[in-house]
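Every number here is computed from the coordinates shown, using simple stated rules; none is lab data. On a predicted model such as this, the values are computed, not experimentally measured, just so you know. As a convention, Cβ positions derive from the backbone with ideal geometry for all residues, glycine included, and neighbour counts pool all protein chains shown.
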Amino acid sequence: MISTYCERFWMASENYDPSRQNPGPAPHLAASVKILIAGGFGVGKTTMVSAISEIAPLRTEELITEVSSGVDDLSGVEQKHTTTVALDFGRITIDRDLVLYLFGTPGQDRFWFLWDELARGALGAVVLADTRRLSNSFAAVDFFERRGLPFIVGVNCFDGAPRYTIDEVRDALDIDPRTPVLLCDARNRESTKNVLLVLLQHLIELAGREPVST
């Protein structure tokens with residue numbers, strides 16, 4: 001079903017307005033797809049959800065205080081002053097038949113117990129990576145591989161961060177060659193839309209590989 005919407009993703013995500021739809025005799029129920037935006041601490045998950053959401057995103061950010069000193073690893077993100085303590089939530093309507101619900105995961109190790117609950121019912125995930133701290137992506141990659149949940153990797157290109165090729169990132173993370181890896185800017189709506197489109201296309205391809213039961 002998702003394949004019928006991919007070509008319309010770009011236009012619909014910008015121009016769709018539910019108020020313009022002709023009211024029918026009964027309310028129309030759109031299919032909903034749950035997507036996780038995951039990754040380590042400070043990789044841009046909250047920023048990505050905020051960049052694409054058509055509604056005011058739900059954030060559960062708190063100020064980083066001295067209490068977290070020695071608990072949260074701030075190396076490489078010393079200027080970060082807030083942190084997600086539960087989840088981020090946003091929504092993007094593809095058209096009247098398909099809505100993506102985006103759930104951003106917390107990045108700190110002490111909140112990892114929430115990931116299992118957030119992953120429940122998800123169709124796929126985006127693992128955001130930061131080349132300044134690429135090793136922080138291993139845990140997220142392992143989480144989804146162990147659970148068999150399809151994912152792609154988005155390398156968030158921070159200003160001043162080391163630049164590597166996609167193949168170099170793939171080798172460093174040791175992920176399946178069929179798993180898409182792409183460069184992105186989580187601050188940019190168009191870039192985030194491209195990431196979600198690549199994930200949808202990946203899910204379609206995986207569905208096509210599944211054996212048909214007889």
(request) Between residue 117 and residue 172, with labels modelled 7 Å along Cα→Cβ, what's the label distance in nm to one decimal, could you check? (result) 3.3 nm
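Which shape class, rounded, prolate or oblate, goes with the range 90-214 when its Cα gyration tensor gives a ≥ b ≥ c as root eigenvalues, a/c under 1.5 marks rounded, and past that a/b bigger than b/c marks prolate?
In terms of gyration-tensor shape, rounded.
Stretched out fully, how many nm does the piece from residue 163 to residue 142 gain, at 0.36 nm a residue minus the Cα gap?
5.2 nm
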(message) In whole Hz and in residue order, list the ³J(HN,Hα) couplings for the range 40-57 that follow from phi through the Karplus curve 6.51 cos²θ - 1.76 cosθ + 1.60, θ = phi - 60°; x for Gly and Pro.
(response) x, 5, x, 8, x, 5, 4, 4, 5, 4, 5, 5, 10, 5, 7, 10, 5, x
(request) Starting from the Cα-Cα distance between residue 58 and residue 197, subtract it from 0.36 nm times their residue separation and give me the gain in nm to one decimal. (result) 47.8 nm
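First check a/c for the range 170-209, with a ≥ b ≥ c the square roots of the eigenvalues of its C-alpha gyration tensor; if it is under 1.5, answer rounded, and if not, answer prolate when a/b is larger than b/c or oblate otherwise.
In terms of gyration-tensor shape, oblate.
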(request) Kindly identify the range 143-201 as rounded, prolate or oblate by the Cα gyration tensor criterion: order the square roots of the eigenvalues as a ≥ b ≥ c, call it rounded if a/c is under 1.5, otherwise compare a/b with b/c, prolate if a/b is larger, else oblate. (result) oblate
